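The values are calculated or read from the model by the stated rules, or taken from the named source; none is laboratory data. Please read these numbers as outputs of a predicted model, since none were measured by experiment. Ideal geometry is used to build each Cβ from the backbone, glycine not excepted, and the neighbour counts take in all protein chains shown.
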Amino acid sequence: MVLFSGRVGAKLCVKRGREIILRFLLLSQERKGGYSLLHIAVKQADTELLTHLLQVPSISVNLTTYNRQTALDLADMLRRRDMIRQLTVAGGLHTSDYVPDSGSESDDVS
């Protein structure tokens, strides 16, 4: 099986109830462009994966890409209204809501 940035592996973990493996994927994924699994779920319009990821207690909903974009920013840009709602309920923020004008070196705002 070919893994696409952890997305297929994450879906299998979700479907089989393998939260420990999913946590490992969340921690060890290669973040091309700084994309987290949340970003990938939004980009691929994978509502099922997003829903399950947001249920993982250790998920960092406000991770940013190298371009300082949160998953909520991406969902807004792609006009994924159902995902915008889910991310907002889960505590997702737009980058402009928390990044000071001078910028920050941190990838995680939570």
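Couple of notes before you dig in:
- Residue check for residue 61: of a type in the set (Val, Ile, Thr), outside any helix (DSSP H, G or I) and at pLDDT 90 or above: yes
- Every residue from the range 72-110 that is modelled with pLDDT under 95 and assigned to a helix (DSSP H, G or I): 95, 96, 97
- Residue count for the range 20-39, restricted to those that are at pLDDT 85 or above and aliphatic (A, V, I, L, M): 1
- The range 62-73 - residue that is surrounded by fewer than 22 Cβ atoms within 10 Å (Cβ to Cβ) and not polar (S, T, N, Q) and, of those, nearest to residue 94 (Cα to Cα): 68
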